[in-house]
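Visitor: Take a look at the following structure, please.
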Amino acid sequence: GGARRAASALGATGAVEVEYCPGCKWQLRAGWLAQELLQTFGEDLESVAIVPSKGDAGTFEVRVDGAVVWSRAAEGHFPEAKELKRRVRDVIAPDRGLGHIDSTSGVRMSARAGRIARRALRRSLLCLSPLSNTQC
């Protein structure tokens, strides 16, 4: 597509490698993320390869044109599909929008923040209730 031609003009080919630790059984995760990238970027990618690591145990890295865009060792966790898509997009087609992934209106709370918010709401509702014995 057009983004593919623009990436080529910038020297980016869109060759993605997802390297995973086979001993850690991360092949399915690598395959799922590769599928997500193919679904989103399609023809804008030259290739997507799933590569078993021959080096350090625990390896999970995603590279675009040889440059690391995600490293589990550096980040401390696996990528969410939307974050990985943003990082790949920033290399192969920086001007391309990702629709709802780029939207900030649908920001979700972490589970802990959600629990804290629910507790605070319950407390405030109890304080408003004339039947409550709760000290506010």
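The values are calculated or read from the model by the stated rules, or taken from the named source; none is laboratory data. In this text the structure is predicted, and so the values were computed from the model without any measurement. We place every Cβ from the backbone using ideal geometry, glycine too, and count neighbours over all the protein chains shown. SASA here: full protein model, heavy atoms, side chains in, ligands and nucleic acids out. Shrake-Rupley method; radii C 1.70, N 1.55, O 1.52, S 1.80 Å.
Visitor: Kindly evaluate Gly58 against the criterion of being within 13 Å of Val16 (Cβ to Cβ) and not in a strand (DSSP E or B).
Guide: For Gly58, the condition - within 13 Å of Val16 (Cβ to Cβ) and not in a strand (DSSP E or B) - is not met.
Visitor: Taking segment 72-96 as the region of interest, how many residues are open to solvent by less than 60 Å² (accessible area, probe 1.4 Å), touching a Lys or Arg at 6+ places or on another chain (Cβ under 9 Å) and not aromatic (Phe, Trp, Tyr)?
Guide: The total comes to 4.
Visitor: I've got another one for you. Go through segment 33-55 residue by residue and tally those that are in contact (Cβ under 8 Å) with a residue 24 or more places away in the chain and exposed (fewer than 13 other Cβ atoms within 10 Å of the Cβ).
Guide: Total satisfying the criteria: 4.
Visitor: Let me ask something else about it. Which of the residues belonging to segment 62-85 are assigned to a strand (DSSP E or B) and more than 11 Å from Val16 (Cβ to Cβ)?
Guide: Val68, Ser71
Visitor: Residues being under 16 Å from Thr13 (Cβ atoms) and among the hydrophobic types (A, V, I, L, M, F, W, C): count how many of those fall in segment 39-67.
Guide: Number of matching residues: 7.
Visitor: Then there's this: Look at segment 1-28 and say how many of its residues are at pLDDT below 50, surrounded by 14 or more Cβ atoms within 10 Å (Cβ to Cβ) and of a type in the set (D, E, K, R).
Guide: Adding up the residues that qualify gives 1.
Visitor: Scanning segment 11-55 for residues that are of a type in the set (S, T, N, Q) and part of a loop (DSSP other than H, G, I, E, B), which turns out farthest from Glu83 (Cα to Cα)?
Guide: Ser53
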